[in-house]
Amino acid sequence: MQPSTIPTTDEQDSPLDKFIIEGGVRLNGEIRASGAKNAALPILAASLLTDEPLRLHNVPQLEDVVTASVLLSQMGVRITQPDEGTLEADARGVHTCVAPYDMVKKMRASILVLGPLLARFGEADVSLPGGCAIGARPVDLHLRGLEAMGATITVDEGYIKARASRLQGAHVLFDKVTVTGTENLMMAATLAQGSTVLENAAREPEVVDLAMCLNGMGARIEGAGTGTITIHGTSRLHGTEYRVLPDRIETGTYLVAGAITRGRVRVLDTRPDLLEAVLTKLEASGAQVQLGPDWIDLDMLGRRPRAVNIHTTPYPGFPTDMQAQFVALNAIAEGTGAVTENVFENRFMHVQEMQRMGADIQLEGNTAIVRGRDGLNGAPVMATDLRASAGLVLAALAASGVTEVLRVYHIHRGYEHIEKKLTALGARIRSASESPPTPDRSNQNVPAARSGA
Ligand code: EPZ
């Protein structure tokens, strides 16, 4: 077995785990969007469905992509990185169908290997992901759907143990819209006997991107992007070459960075058509937005944003992954904005950290009432999850003084080269190590402290 070269991220190697941000700078400039994390992860898992190589372009250099690559390599997938942004996965030599706890606890999206392993090898032992900062995050809908396709599933010692001689096409109605649940079943159904219909399926663009890659591998999927997806099973899939779509949440985050600092930001290499709900809210806040085929230009014209009301829902509604960013925007806006989180049960971890910066936010059930202030103050704050940390960075950019955002490994999971991109826009941001400096032992002749002193 040739040693596969696991892609690494420059952030992964650095022990630097906090950002120091000097706020109050009006951002101005342009950056390029990276490939979408939430498309790259299911598409990487899809490599398990064939014994031919899958060559992917525009893959973001992120912690989560590294984690997915390590997980697949441990199974025997040969992962190589011919150049930055290109990844090749060859699952010819898969020798184990186990996703161990130590990997799954690092990244819940590891659950995405379940469907492909079951479909191609008839077995999968995948650690239960467990909860995370934003909620319990159960996977019951994934498991019920696979059982409907004939899988035998037990949960034992923290592991999902799934077996199926050959999956059968089925009609699956999801109780709730689930993005990775839709993706897991769509991948499993590509090699099932007969056709599968997924009702109340997720319509996210990343689901469509996965379906387009799978069809490029010889799958027969119709209706991706609508609430009803039909997959006609086939006996095998072949390799292909595919370019991952741009990251709409990264794009939206940098647009909010422009709005919150009253500046002007242009994002290139992106897909304006994937951000309609977000762009509508940015215009409602007073931003001037211009669109091109693959670029978005936001100009705040130096004005303070107006508060906006937000209700998160599955796509094409307002994305939950942009909720924290808009809480930050409302925190310095004119007026009061209500932000209601309808997708996850605990996705306001950023609120108490923003309150430390002077934000006036009251939580009422799943709604944050944000009374805009004309300024926030820099303070040490703690990142808790990927998008909360993005919200804290945005608040820090707008605050007066210096903010330290701790545990920024959360943000490196989903924002490629964020420090470079923000610096390119004029932000004053640098990384630093949180660990205390090693004690200075140079003056060894210091008398020992007297006991009992
Ligand atoms: C995906 O997570 C994304 N992750 C999340 O992005 C995103 O926030 C989320 O979809 C919603 O858009 C990836 O694509 C890798 P869900 P996923 O299943 O699939 C409940 C980020 O920041 N549910 O759509 O895990 C669940 O608890 C991440 O990039 C069940 O009850 O989310 C939640 O309340 C964070 N049972 C709701 O459905 C299940 O079996 C939506 O969850 C599955 C889900």
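The values are calculated or read from the model by the stated rules, or taken from the named source; none is laboratory data. No experiment lies behind these values; they were computed from the predicted model shown. Every residue, glycine as well, gets a Cβ built from its backbone with ideal geometry; the counts of neighbours run over all protein chains shown.
If you filter segment 14-45 down to residues that are within 16 Å of the ligand (Cβ to nearest atom) and over 16 Å from Ile249 (Cα atoms), you find that the one that is nearest to the chain's Cα centre (by Cα) is Pro42. The residue of segment 137-180 that is farthest from the ligand (Cβ to nearest atom), among those that are of a type in the set (Asp, Glu) and within 26 Å of Asn38 (Cβ to Cβ), is Glu147.
Every residue, every condition in (1) touching a strand residue (DSSP E or B) at 6+ places or on another chain (Cβ under 9 Å); (2) in a helix (DSSP H, G or I); (3) within 28 Å of Asn215 (Cα to Cα), yes or no:
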site: Glu250; (1), (2), (3): yes, yes, yes
site: Thr253; (1), (2), (3): no, yes, no
site: Val256; (1), (2), (3): yes, yes, no
site: Val265; (1), (2), (3): yes, no, no
site: Thr270; (1), (2), (3): yes, no, yes
site: Leu282; (1), (2), (3): yes, yes, no
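If I go through segment 113-136 residue by residue, how many of them are outside any loop (DSSP other than H, G, I, E, B), surrounded by fewer than 24 Cβ atoms within 10 Å (Cβ to Cβ) and within 12 Å of the ligand (Cβ to nearest atom)? Within segment 113-136, residues that are outside any loop (DSSP other than H, G, I, E, B), surrounded by fewer than 24 Cβ atoms within 10 Å (Cβ to Cβ) and within 12 Å of the ligand (Cβ to nearest atom) number 2. Considering segment 412-435, the residues that are within 22 Å of Val66 (Cα to Cα) and free of Cβ contacts under 8 Å to residues at least 40 places away in the same chain include one that is nearest to the chain's Cα centre (by Cα), namely Ile418.
Report yes if some residue within segment 191-213 is in contact with a Lys or Arg (Cβ under 7 Å, 6 or more places away or on another chain), of a type in the set (A, V, I, L, M, F, W, C), at pLDDT 95 or above and more than 16 Å from the ligand (Cβ to nearest atom); otherwise report no. Checked against the condition, which is being in contact with a Lys or Arg (Cβ under 7 Å, 6 or more places away or on another chain), of a type in the set (A, V, I, L, M, F, W, C), at pLDDT 95 or above and more than 16 Å from the ligand (Cβ to nearest atom), segment 191-213 yields at least one hit.
Please find, within segment 415-433, the residue that is surrounded by the most Cβ atoms within 10 Å (Cβ to Cβ) out of those that are part of a loop (DSSP other than H, G, I, E, B) and hydroxyl-bearing (Ser, Thr, Tyr). Here the answer is Tyr415. Restricting to segment 377-397, give me the number of residues that are in contact (Cβ under 8 Å) with a residue 60 or more places away in the chain, away from the ligand (no atom under 16 Å from the Cβ) and buried (at least 24 other Cβ atoms within 10 Å of the Cβ). Here the count works out to 3. Residues that are modelled with pLDDT under 95, within 16 Å of the ligand (Cβ to nearest atom) and either in a strand (DSSP E or B) or on the phi > 0 side of the Ramachandran plot (or both) do occur in segment 407-414, at least one of them. Under the condition of being within 16 Å of the ligand (Cβ to nearest atom) and within 19 Å of the chain's Cα centre (by Cα), the residues counted in segment 85-111 number 9.
Within segment 46-84, the residues that satisfy the criterion of being more than 17 Å from the chain's Cα centre (by Cα) and either in a helix (DSSP H, G or I) or on the phi > 0 side of the Ramachandran plot (or both) are Ala46, Ser47, Leu48, Leu49, Val70, Leu71, Leu72, Ser73, Gln74, Met75, Gly76. For segment 259-278, a tally of residues being touching a residue at least 24 places away in the same chain (Cβ under 8 Å) and within 21 Å of the chain's Cα centre (by Cα) returns 11. The residue that is nearest to Leu191 (Cα to Cα), among those in segment 85-112 that are assigned to a loop (DSSP other than H, G, I, E, B) and of a type outside the set (Val, Ile, Thr), is Cys97. The residues in segment 71-101 that are touching a strand residue (DSSP E or B) at 6+ places or on another chain (Cβ under 7 Å), touching a residue at least 40 places away in the same chain (Cβ under 8 Å) and under 19 Å from His238 (Cα atoms) can be counted, and the count is 9.
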